[in-house]
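K.L.:
First, the structure itself, so that you have it in front of you.
The values are calculated or read from the model by the stated rules, or taken from the named source; none is laboratory data. Keep in mind it's a predicted model, so treat the numbers as computed, not measured. Virtual Cβ from ideal backbone geometry, glycine too; neighbours counted across all protein chains shown. When the accessible area is computed, the model is the full protein with side chains, heavy atoms only, and any ligands, DNA or RNA have been set aside. Shrake-Rupley method; radii C 1.70, N 1.55, O 1.52, S 1.80 Å.
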Amino acid sequence: MSRSFQRLALAGALASAGLMFATGPAEAGNRPAKTVPVRLLSLNDFHGHLEPPTGSSGRLVDETGATVEAGGAAYIAAHMEQLTDSNTIKVAQGDLIGATPLISAAFHDEPSVEFLGKIGITTSAVGNHEFDEGYDELKRIMYGGCHPVDGCSPAGQWKGAKYDYIGANVILKRNTGGAEKDALAALGKNTGAIRGLLRQYGVPALPPVSIRWMNGVPVGFIGLVTRTTPNIVTAEGIKDLEFVDEVKAANVASKLLKLVGVRAQVVLVHEGDQVTPGQSPDACSAQPGAGNRIATQVDAEIDMILSGHSHQAYLCTVTDPKGGKRLYSQGGSFGRVITKVDFRVDTRTRDVVRSSVVADNQVVTRTVTPDPEISQFVQTWKDRVSTVANKPIGKITADIVNTAAPSGESPLGNLIADGQLAAAKNGGNAQIALMNPGGVRASLTYASSPAGEGDGVVTYGEAFTVQPFNNLLQVVTLTGAQLKTVLEQQFPGGPNNQAFTKILQPSSNFTYSYSASAPWGSKISDMKIDGVPVTDTQTIRVAANNFLVGGGDAFAAFTEGTDVWSGPLDIDAFAAHFAANPVIAPPVPDHITVTP
Ligand SMILES: [Zn+2]
């Protein structure tokens, strides 16, 4: 990594703000190759932030070290316009939709996809969140049609994304109908090499690559999404899909591109690394992790790797398998950064001249004039959603926060679990509820919001900000022993491979103790429901969202549950809890006892 820092220092001197690949001596004396310029402008992890994101989601440390406000569709459009030249191709790295604010989510994210088409995005990798509502819904977003349950949005029939969604490592599971046979037949007779590759690799569930011509040369984009996607989206929606190793898939896609003469190759990958907080978006402090593995290991034919998923901004130089240097970048999240990459392509070899690559992360500041057309577009959707968002659903007596107590439970986590238990008692016969902490996205604040609804009032819009995923509430039967395994799986070290401790938020009637220092498998003790000890052999109806029931967040023991009952959406259960309890005080997070 120190090498990258040196390069960045050099880049700062040479390119004022950015990263330059100053490899090799000047080519004086050689016959100058004819090259043409290409500029990429890219976004990642937009997450439907059509309105300027607020709080820490809307702030960023810029290149000068100052914390500035950034993001918002009309500002993104204005910056994109300023940065666009006649050589520009606009791309993205996924999570553009899913886990979005109500303005987008209430309409199945059609407004966000339409916006991204309007600003000229031509190709995006799929992210894990593109699968939040399942593969079929992603195909509807890609190709058009009205929602099968909710019908058309107020804008009318959905016409489909104006950009390609690509994902080379998303494969149809073998023997899911005749899809594989059909795909091979569709290739025809003269594509033996491609058929061979597909046979060895599987049939892509999405277009694996996208090719854009610029100044007479083709630029190939390879889409990749984190192979951990099955752990972090609802299992039912992706049951026909396999998420294979990103490096292997990229290398097959790279060969496919090479077969058709595309040598300028760019990976758009929805996987990335963590950085040291507070760095300039142009710095490289990315800790080598899942993103770096991909960036360093994919075929040397690939010229640069634009990443996403970890919501960090960085510009790094990595070494490819043949020792060449290439760009590995990410542009933060929520539309706060546009990554600009300039390079030249040799018109004879059609390959990227690596020494010409200059990258710069551009902060989407709000000091420019917002794009008037996009401002109007956002306002239209704001009006459409306001009737839903501003509706009061109940009152709180004080802030109910999602900040964890030392035990790992939070007042808001408790409250959500209580609401889920209440909603799943009738019909699902639930006895307890468990909520994943990562799904409690914001705190409920007592002070009135800018909408001015009055102190203590909770609106549907505020509740939605807390519970934005549109997960289904489900109930499964677990034995006492299986429930204990679920709780053991909160901790790293077990066979489920939890990355770090994740304490599930319990309903108020469920108590237990844990010892973090005890060996994995014997950390949990003293489980009680309504004060009655739980035995290993008794059966318990456990309510949780479909993400957890499907084994999400590495809670594999949930998948052993039987007699699945599916209830309302989690946000509806939460709103119903307010309807039944119009004034709610913060629960005390004292259901879990930590022992030495
Ligand atoms: Zn992601």
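K.L.:
Picking from I141, I121, I97, I89, which residue would you name as being within 23 Å of A205 (Cα to Cα) and touching a strand residue (DSSP E or B) at 6+ places or on another chain (Cβ under 6 Å)?
P.N.:
Just a single option satisfies the conditions, and that option is I121.
K.L.:
Please tell me if T459 is open to solvent by less than 30 Å² (accessible area, probe 1.4 Å), within 30 Å of S56 (Cβ to Cβ) and out of contact with any Leu (no Cβ under 7 Å at 6 or more places or on another chain).
P.N.:
So T459 passes the test.
K.L.:
Could you give me the residue pairs with C-beta distances under 6 Å whose first residue belongs to segment 559-573 and is closer than 21 Å to P468 by Cα, whose second residue is assigned to a strand (DSSP E or B) wherever it lies, and which are 6+ apart or on separate chains?
P.N.:
Pairs found: S566/L472; S566/Q474; G567/L473; P568/L473; D570/L473; D570/N545; A573/L473.
K.L.:
Ok, one more. Test S333 against the stated conditions and say whether it is part of a loop (DSSP other than H, G, I, E, B), more than 21 Å from K248 (Cβ to Cβ), within 16 Å of the ligand (Cβ to nearest atom) and at pLDDT below 95.
P.N.:
no
K.L.:
What is the residue count in segment 413-445 for residues that are open to solvent by 10 Å² or more (accessible area, probe 1.4 Å) and in a helix (DSSP H, G or I)?
P.N.:
7
K.L.:
Find all pairs meeting these conditions: Cβ atoms under 8 angstrom apart; at least six residues apart or on different chains; first residue within segment 218-238 and over 30 Å from V262 (Cβ atoms) and within 12 Å of the ligand (Cβ to nearest atom); second residue open to solvent by 10 Å² or more (accessible area, probe 1.4 Å) and of a type in the set (D, E).
P.N.:
N231/D553; I232/D553; V233/D132
K.L.:
Out of the residues in segment 294-330 meeting the condition of being away from the ligand (no atom under 16 Å from the Cβ) and in a helix (DSSP H, G or I), tell me which one is nearest to the chain's Cα centre (by Cα).
P.N.:
A295
K.L.:
Further question on the same structure: Take the residues of segment 90-114 that are outside any loop (DSSP other than H, G, I, E, B) and out of contact with any Gly (no Cβ under 9 Å at 6 or more places or on another chain): which is nearest to the ligand (Cβ to nearest atom)?
P.N.:
Here the residue is V91.
K.L.:
Of the residues in segment 209-242, how many are in a loop (DSSP other than H, G, I, E, B) and touching a Phe, Trp or Tyr at 6+ places or on another chain (Cβ under 8 Å)?
P.N.:
Going through segment 209-242 one residue at a time, the tally reaches 6.
K.L.:
Restricting to segment 486-500, name every residue that is over 14 Å from P519 (Cα atoms) and not in a loop (DSSP other than H, G, I, E, B).
P.N.:
The answer is V486, and nothing else.
K.L.:
Then there's this: Consider segment 242-271. How many of its residues are within 16 Å of the ligand (Cβ to nearest atom) and open to solvent by 10 Å² or more (accessible area, probe 1.4 Å)?
P.N.:
Going through segment 242-271 one residue at a time, the tally reaches 2.
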